[in-house]
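Contents: one structure, followed by commentary.
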Amino acid sequence: MERIPSGLYRYRLGDVVKIRGFHNGTPELQFVCRRNLLLSINIDKNTEKDLQLAVEAAAKHLVDEKLEVVDFTSHVNVSADPGHYVIFWELSGEATDEMLQDCCNCLDKSFVDAGYVSSRKVSAIGALELRIVKRGTFHKILDHFVGLGGAVSQFKTPRCVDTKNSSLIHLLSSNVVKSSSSTAF
């Protein structure tokens, strides 16, 4: 979903919306999530909305230091055994290692899908990894998208990067400045 200058919203193909009510016969829509954007390794199924809620919960740990998450994305790393979730954050400033560990553990605990929790408890899914990227990394993602012929007005940061998108994963990984692995389970 994108808000355009006139105040209207433009939805993308694959957006899941809910009708909240009607105004003069016109449906009032509420954005719910993107269809088919899932983090999944084993029997777990976490949606873009689940990811958003986890990031919001973990970002609360940054407030006391007056830091915030500028942007984020994720991907499933199945090249490691066991596979695990990788969350990339760009922050507004520098966070301590202790703070990042707290955020990482909070992210991991915030995924409440029964398949995820049970898989984490028996180590069928590895420890969630939080990777902090350099300032401007998400702008590089926009540049990458535009370089492939996309329009700036159509760009939306991908929240779940497919493992087949090796160029984007490489761009993110090459800009990592800190990382932390969860000790929550």
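The values are calculated or read from the model by the stated rules, or taken from the named source; none is laboratory data. All values reported here derive from a predicted model rather than from experimental measurement. All Cβ positions, even for glycine, are placed from backbone atoms using ideal geometry, and neighbour counts span all protein chains on display.
Points to keep in mind about this one:
- Residue match in the range 120-130 (condition: within 16 Å of Ser40 (Cβ to Cβ) and of a type outside the set (A, V, I, L, M, F, W, C)): yes
- Total residues in the range 145-157, condition part of a helix (DSSP H, G or I) and surrounded by 13 or more Cβ atoms within 10 Å (Cβ to Cβ): 2
- Among the residues of the range 158-182, the one identified as part of a loop (DSSP other than H, G, I, E, B), among the polar types (S, T, N, Q), in contact with a helix residue (DSSP H, G or I) (Cβ under 6 Å, 6 or more places away or on another chain) and under 23 Å from Ser110 (Cβ atoms) is Ser182.
- Members of the range 86-144 found to be closer than 15 Å to His75 by Cα, in contact with a Cys (Cβ under 9 Å, 6 or more places away or on another chain) and in a loop (DSSP other than H, G, I, E, B), listed by number: Ala127, Leu128
- When the range 145-180 is limited to residues that are over 13 Å from His75 (Cβ atoms) and hydrophobic (A, V, I, L, M, F, W, C), the one that is modelled with the highest pLDDT turns out to be Val177.
- Filtered by the rule that a residue be within 13 Å of the chain's Cα centre (by Cα) and closer than 22 Å to Ser119 by Cβ, the range 74-102 gives Ser74, His75, Val76, Tyr85, Val86, Ile87, Phe88.
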